[in-house]
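Participant: Have a look at the structure that comes next, please.
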Amino acid sequence: MNGLELFWVGLANAFSPLNFLMMLTGLVIGVLAGALPGITMLNAIVLVLPFTYSMDIVPSLLLMTAVYGGGIFGGSITGILFNIPGDPMNVPATWEGYALHRKGHVAKALGVAIMASALGGFLSCLVMTLVSPPFARVALSFSATEYFAVVFLGLVSVVVINTRSVASSLVCLFLGMLLGTIGIDDTFGSARFTFNSRLLETGINFTIVLIGLFAIGEVLEQLCERDKIPDQGLKERPKVSLMTPREVWAFKGPLLRGFGSGTMIGMIPGAGATVASFVSYGIERQVSRKPEEFGKGSWDGLNATSSAINASTGGAMIPLLTLGIPGSGATAVMMGAFLMHGIQPGPLLFDKAPESVYTIFAGMLLCNLIMIFAGWVCSKFFSELMRVPETIMGAFIIVFCFVGAYALRNDTSDLWYMAFFGVLGYFMRRYRLPIPPLVLGIILGPLAERYFLTAMIASNNDVSVFFTRPVSAGILLVSIGMLFWPLLQARMNRRKAAAQAAAVAGS
Amino acid sequence: MDTSSDRAGARWATLLKGPVAVLLFGAAVYLYADRSIDLPPPGQLGGAFWPKLCAVGMAVAGVLKAWEAIRARGRPPEEGAACKDMDNRKLFLMILLIVLVVPAIAMLGFPLATALFIGIFLRLAGARGRLMLPLVSLGGTVFLLYLFVKIVYLPLPKGEWFFEDLTLTLYRALFIL
Amino acid sequence: MKQRLLLCAFLCFLVLFGGYAGALAQEKYPSRPIDFICTWGVGGGSDQMVRTLAKLTEPILGVPLPVSNKPGASGNSGTTDLLAAKEDGYTIANYIADTLATVAAGQTRYKSEDIEWIVRTQNMPSFLFVKTDGPFADIHALLKAVKENPNKIKMAGLGFGTIDDITLRYLASKGYKMTLVPNPNPGERYASVLGGHNEVLYEQAGDIRQYLEAKQLKPVIVFAEKRFPAFPEVPCSKELGFEIFMPQFRCVIAKKGVPADRVKILSDAFVKAMQTPEWKKFNQEQYADEASTLAGPEFGRWVDGELKTMQRLMKEFGILK
């Protein structure tokens, strides 16, 4: 059978009632878990893993990919509704989405996030279906040097996004990176900043930092305002309005750019979706025709980043299926599921189980379409929560945060971190320090360090490797360009303004 | 003359106290990393390299911040820059509650600590209604127990000594175990 | 209002206390789920071992064994938690050679005496792998190239101070110097060899089965006293004159102090689970030694021996001062 025939067989299989049910269930579980602060997409995948033991490989893989896709999107819902991103990749969508919410566009913002995520995911799955093998070769040609360059791009894009003060962003970024070094270091095994305490030796988990800073900080700020009567919740039924085809066409630029960067970055191991969300958002800000809207409710930004996060899922599946290399936590669990069923993902998968592979491909494509429906239902459900009084919401958000912190490692000492970062999150708001750079620093800092040191060890401490390898040189140049572009632009604008002023004075 | 220069000095102090603190913090971290982290294996950068790099970055960011502050001097603060007027007493109590619930969860176990936390939190936040407080806190806790312990199999902290048995008994009474 | 609330609370308390007294009366082990800590991440070799074993042991013990992953610090995060729990036999964990190496290096707060060694589940030799279509046909070609270009050939391994590092330093002491490129993430480690960024991979065969089956990687040497049955053509280190045999092992542990009868119940259940065809198939797929199962005091003594070997080599190569 050739590829196309296999694809039709796969599509027919994907429509079987059991597979369809698995995808729908997986999507709902994923979206709910992604949306609840404290329960991450990865928790949800680990959660469904035992249930897949007794199933066939195809439904179990479809269930897990559905949880994966849904979980990546889910955090945008709570981000847009309550300013609390469920996972780090939902942070840019939260900025724009919540700003749009405050302007009264909540229904549309949710709809855009759903549609853009579904479309980005769909397109990247199409890439995965059609051209996996060549893309896999590209992925293999990357070494620690290129990984470092990509992570560096992610770090730079978070710095340039905040225009109010680049210096404040840098301070928070480096603080995050320093917090990320606490514990036993990965490469050399030396203890760093542990002060001989068990609590610090294990290091700080970035999910705790993210949830603490965003969720608990937000609750404290909302509830402790002076003389405020707590909000009793909305009285009318909230709505969710999806994009029309015409609107999709109008935003084709951001959607496609998000899809492109998401798919490419998704293939790179480490922090795929998170880096993709920030990089696509940063790029969009540079090329958008309305850069001034960014941070104050930009439809371009929301479209690009939503499309990118789900596009990274297709990208991440490529090395898993074609090479048997899991790049992220989510794909590592899926690899475990493959192995549990006695199937080795990797180069032989296409020969040994072609029908399963194409069913998974077709299923993932279908899954992204069903996501529009599942996302709409779950968004409606979470919108209903806006009718719950603020105080009760606040109490439960904090409890969820603590449960989530505990669930990461089943360790009560992580609860101390949650409390600490929750309080820190409030004070960062109070003193106008940007939170996202700190979160990104703690997520990407350790990755950047590991890739940098690996590249250094492999090249005998020769820094020039970053610039002699074309891909890494290209990415690094883009990053440096991004860093200085705003400065240059400001200078040119000023010069233009001065020239105009001179011309006016002259006439 | 003296007073005006004093005032100028005070203004400089408020302007630069943040950046200088950042700069000093970076320097301190650098020195501490240099002293406390193991020496690298020969020919390698070692574990101290990256934290030191970050510390230098932090110090540089502090200098940048100072430059930004000096340039922005005299300009009106940007829109949305003012912070909300907070009820500091309420804030303090809530922070205290959030910190205290951590040892409470470890000692009393998750169910008891959560029920207490939700109750006190709602009270502090100014929730109204006579029945609501116990209803929400007990009902919410039972809901969470079913969700996490029964469905998700999460071994939530059971507490210590007497409280561990209490939690186990509660689980049995709710048919969770 | 307040009085009614107090009364309500008091009643709840009474009900619960009654149940508490009742709970004390019953005492049969195991009567509730046993928490099984996996000290490594989801999807990896240890995780598969733990989940397979838990699934097979549940019907024997008659209680669920929910698995929770607690990765970090070479498996020590999970171990520390096990040691913080009560020694009632309701918390167990897995343990592997890489974690034991940190004990040997004196990096841990606990000692091997703090652990009740229940049963060894898998014992598997380590190999060096190279790309099938790469420049090295066999171990002799590799060793020749290493000897001619000291420190130029790169080996992907777990990290400095680990078993991989010890083996590498042993080879260096024999005049074969390679550079260790550490990477704790297995996926990246394999990709770096497949992509040709590093020439050699130090690993156990079960973890890279897919590349072996696809003929992308091939073993060139097994670090053991005998050749490994699945790869009869691959020479073992002993026949080449390298006296270094550090197998990877996986086992189940509890905290020291668990009553002996409970340890016996657990150990018997695991041994029984490991006699099932499912487990045998799993072990074969993992390229584990057929005689992996080892329980009781014999296993404890074996671990002691491994620990002493590690310490001796670490002292010899300057890892341990």
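The values are calculated or read from the model by the stated rules, or taken from the named source; none is laboratory data. All figures in this text were calculated on a predicted structure; none of them were measured in a lab. Positions of Cβ are generated from backbone atoms using ideal geometry, with glycine treated the same way; all protein chains shown enter the neighbour counts.
Participant: One residue is enough: does segment B:135-149 have a residue meeting the conditions in contact with a Lys or Arg (Cβ under 8 Å, 6 or more places away or on another chain), facing another protein chain (nearest Cβ under 9 Å) and either outside any helix (DSSP H, G or I) or within 30 Å of C:Asp81 (Cβ to Cβ) (or both)?
Facilitator: For segment B:135-149, residues in contact with a Lys or Arg (Cβ under 8 Å, 6 or more places away or on another chain), facing another protein chain (nearest Cβ under 9 Å) and either outside any helix (DSSP H, G or I) or within 30 Å of C:Asp81 (Cβ to Cβ) (or both): absent.
Participant: State which residue is modelled with the lowest pLDDT when the search covers only segment A:162-176 and only residues that are out of contact with any Leu (no Cβ under 8 Å at 6 or more places or on another chain) and buried (at least 24 other Cβ atoms within 10 Å of the Cβ).
Facilitator: This residue is A:Ser169.
Participant: With respect to A:Gly324, is the statement that it is at positive phi and without any contact (Cβ under 8 Å) to a residue 60 or more places away in the chain true? Explain how you work it out, then say what you get.
Facilitator: On the way: at positive phi: yes; without any contact (Cβ under 8 Å) to a residue 60 or more places away in the chain: yes.
Yes: the conditions hold for A:Gly324.
Participant: While we're here: Among the residues in segment C:91-114, are any away from every other protein chain (no Cβ under 11 Å), farther than 30 Å from A:Ser413 by Cβ and buried (at least 18 other Cβ atoms within 10 Å of the Cβ)?
Facilitator: No: zero hits.
Participant: Which number in (1) of a type in the set (Gly, Ala, Ser); (2) free of Cβ contacts under 8 Å to residues at least 60 places away in the same chain; (3) within 14 Å of another protein chain (Cβ to nearest Cβ); (4) surrounded by fewer than 16 Cβ atoms within 10 Å (Cβ to Cβ) marks the one condition that C:Ala230 misses?
Facilitator: Only one criterion in (1) of a type in the set (Gly, Ala, Ser); (2) free of Cβ contacts under 8 Å to residues at least 60 places away in the same chain; (3) within 14 Å of another protein chain (Cβ to nearest Cβ); (4) surrounded by fewer than 16 Cβ atoms within 10 Å (Cβ to Cβ) is unmet by C:Ala230, namely (3).
Participant: Then there is this: Give the residue that is surrounded by the most Cβ atoms within 10 Å (Cβ to Cβ), with candidates limited to residues of segment C:34-58 that are modelled with pLDDT of 80 or more and assigned to a loop (DSSP other than H, G, I, E, B).
Facilitator: Per the criteria, the residue is C:Thr39.
Participant: Given the criteria at pLDDT 85 or above, part of a helix (DSSP H, G or I) and either more than 8 Å from chain B (Cβ to nearest Cβ) or over 24 Å from the mean Cα position of the chain (by Cα) (or both), does A:Phe467 qualify?
Facilitator: yes
Participant: To continue, here is another question. Filter segment C:59-72 down to residues that are in contact (Cβ under 8 Å) with a residue 12 or more places away in the chain and not in a loop (DSSP other than H, G, I, E, B) and give me whichever is farthest from the other protein chains (Cβ to nearest Cβ).
Facilitator: Applying the first criterion (in contact (Cβ under 8 Å) with a residue 12 or more places away in the chain) to segment C:59-72 yields C:60-71.
Subsequent filtering for residues that are not in a loop (DSSP other than H, G, I, E, B) retains C:60-61, C:67-69.
Numbers: C:Ile60: 17, C:Leu61: 15, C:Val67: 8, C:Ser68: 5, C:Asn69: 7 Å.
My answer is C:Ile60.
Participant: Filter segment A:56-69 down to the residues that are closer than 21 Å to A:Met371 by Cβ and hydrophobic (A, V, I, L, M, F, W, C), then identify the one that is surrounded by the fewest Cβ atoms within 10 Å (Cβ to Cβ).
Facilitator: A:Val58
Participant: Scanning segment A:23-54 for residues that are in contact (Cβ under 8 Å) with a residue 24 or more places away in the chain and part of a loop (DSSP other than H, G, I, E, B), which turns out surrounded by the fewest Cβ atoms within 10 Å (Cβ to Cβ)? Reasoning before the result, please.
Facilitator: Step one: filter segment A:23-54 for residues in contact (Cβ under 8 Å) with a residue 24 or more places away in the chain, giving A:23-46, A:49, A:52-53.
Then drop every residue that is not part of a loop (DSSP other than H, G, I, E, B), which leaves A:36-40, A:53.
Numbers: A:Leu36: 25, A:Pro37: 29, A:Gly38: 26, A:Ile39: 27, A:Thr40: 26, A:Tyr53: 13.
That would be A:Tyr53.
Participant: Let me ask another. One residue is enough: does segment A:11-22 have a residue meeting the conditions touching a residue at least 40 places away in the same chain (Cβ under 8 Å) and under 29 Å from A:Leu444 (Cα atoms)?
Facilitator: No, the conditions are met nowhere in segment A:11-22.
Participant: Conditions: (1) without any contact (Cβ under 8 Å) to a residue 12 or more places away in the chain; (2) within 14 Å of chain B (Cβ to nearest Cβ). A:Val131 meets all but one. Number of the miss?
Facilitator: Every listed condition holds for A:Val131 apart from (2).
Participant: Name the residue that is surrounded by the fewest Cβ atoms within 10 Å (Cβ to Cβ), counting only residues in segment A:177-187 that are out of contact with any strand residue (DSSP E or B) (no Cβ under 6 Å at 6 or more places or on another chain) and within 8 Å of chain B (Cβ to nearest Cβ).
Facilitator: A:Leu178
Participant: Okay, moving on. Quick one: in segment A:398-426, of everything that is free of Cβ contacts under 8 Å to residues at least 40 places away in the same chain and not aliphatic (A, V, I, L, M), which residue is farthest from the other protein chains (Cβ to nearest Cβ)? Steps first, please.
Facilitator: The first filter runs over segment A:398-426 and keeps only residues free of Cβ contacts under 8 Å to residues at least 40 places away in the same chain, leaving A:399, A:406, A:410, A:412, A:415.
Within this subset, residues satisfying the condition of being not aliphatic (A, V, I, L, M) are A:406, A:410, A:412.
On the way: A:Tyr406: 7, A:Asn410: 5, A:Thr412: 4 Å.
Once the filter is applied, the top-ranked residue is A:Tyr406.
One line per residue, one yes/no per condition, for (1) surrounded by 15 or more Cβ atoms within 10 Å (Cβ to Cβ); (2) more than 18 Å from the chain's Cα centre (by Cα); (3) not acidic (Asp, Glu):
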| site | (1), (2), (3) |
| --- | --- |
| C:Phe242 | yes, yes, yes |
| C:Met246 | yes, no, yes |
| C:Phe249 | yes, no, yes |
| C:Ile253 | yes, no, yes |
| C:Gly257 | no, yes, yes |
| C:Ala269 | yes, yes, yes |
| C:Tyr287 | yes, no, yes |
| C:Pro297 | no, yes, yes |
| C:Lys308 | no, no, yes |
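Participant: Additional query: Could you tell me whether segment C:160-172 includes any residue that is free of Cβ contacts under 8 Å to residues at least 40 places away in the same chain, of a type in the set (S, T, N, Q), assigned by TED's automatic domain parsing to the domain that holds C:Tyr211 and within 21 Å of C:Phe317 (Cα to Cα)?
Facilitator: No, because not a single residue in segment C:160-172 is free of Cβ contacts under 8 Å to residues at least 40 places away in the same chain, of a type in the set (S, T, N, Q), assigned by TED's automatic domain parsing to the domain that holds C:Tyr211 and within 21 Å of C:Phe317 (Cα to Cα).
Participant: Let me ask something additional. For segment A:342-388, how many residues are over 30 Å from C:Gly187 (Cα atoms) and in contact with a Lys or Arg (Cβ under 9 Å, 6 or more places away or on another chain)?
Facilitator: Number of matching residues: 4.
Participant: Now, a different point. How many residues does segment B:35-65 hold that are in contact with a Pro (Cβ under 9 Å, 6 or more places away or on another chain) and either more than 8 Å from chain A (Cβ to nearest Cβ) or not in a helix (DSSP H, G or I) (or both)?
Facilitator: Here the count works out to 5.
Participant: To continue, here is another question. Can you find a residue in segment B:120-129 that is surrounded by fewer than 20 Cβ atoms within 10 Å (Cβ to Cβ) and modelled with pLDDT of 85 or more?
Facilitator: Yes - at least one qualifying residue is present in segment B:120-129.
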